[in-house]
Amino acid sequence: MPGTTRAEIRTLKVGRYVAIENDAYKILSMSKSKPGKHGSAKARIELEDIFTGQKKSHVGTVTDTINIPLIEKGSAIITHIQGNEVHAMDNKTYETLILPKEPEMNLEAGGEIQWMEAMGRYKISRDH
């Protein structure tokens, strides 16, 4: 899967991210069971989609590998808002970003935002 690396489930921690079925998820909780008579130890991971907020659970053995999304974060200055799109200029690279507008955020031209990108999708993570 492009934009990801792989790691064993046993190395994951709460608050980190995983990629399942081309979506990026944040780990909310994780529980592990001991190995049984006929099998290996299992892990149950409770997840939340970082873009939609949809919850999901994943079960697998602790030795299974899982995709980890490469997440990029940064800050930008809003140049203007056009419909449901926020146009902003990245503070480091000065490139123009077009981000989806979050309805609950108080956004206005000239304001600063924090953004995150995972697997080709962008999100405004915080407004200042």
- Which of the residues spanning the range 1-23 are over 16 Å from residue 57 (Cβ atoms) and hydrophobic (A, V, I, L, M, F, W, C)? 1, 7
- Message: Between 117, 108, which is charged (D, E, K, R) and more than 17 Å from residue 3 (Cα to Cα)?
- Response: 108
- Item | Residues of the range 49-65 that turn out to be out of contact with any Asp or Glu (no Cβ under 8 Å at 6 or more places or on another chain), surrounded by 13 or more Cβ atoms within 10 Å (Cβ to Cβ), part of a strand (DSSP E or B) and not polar (S, T, N, Q), as a count | 2
- Task: Identify all residues within the range 86-116 that are part of a strand (DSSP E or B) and of a type in the set (A, V, I, L, M, F, W, C); write none if there are none.
- Result: 86, 88, 89, 97, 98, 99, 113, 115, 116
- Message: For the structure I just gave you, tell me whether residue 63 is in contact with a strand residue (DSSP E or B) (Cβ under 7 Å, 6 or more places away or on another chain) and either acidic (Asp, Glu) or in the same structural domain as residue 36 (by TED's automatic domain parsing) (or both).
- Response: yes
- Task: Being small (Gly, Ala, Ser), within 24 Å of residue 117 (Cβ to Cβ) and surrounded by 14 or more Cβ atoms within 10 Å (Cβ to Cβ) is the filter here, so list the residues in the range 4-48 that pass it.
- Result: 7, 19, 24
- Pull up the range 86-128, narrow it to residues that are over 20 Å from the mean Cα position of the chain (by Cα) and of a type in the set (S, T, N, Q), then point me to the one that is surrounded by the fewest Cβ atoms within 10 Å (Cβ to Cβ). 106
- Item | Any hit, the range 76-85, residues being assigned to a strand (DSSP E or B) and within 21 Å of the chain's Cα centre (by Cα) | yes
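The values are calculated or read from the model by the stated rules, or taken from the named source; none is laboratory data. What you are looking at is a predicted structure, and each value in this text was computed from that prediction instead of being measured. Every residue, glycine among them, receives a Cβ derived from its backbone with ideal geometry; neighbour counts consider all protein chains shown.
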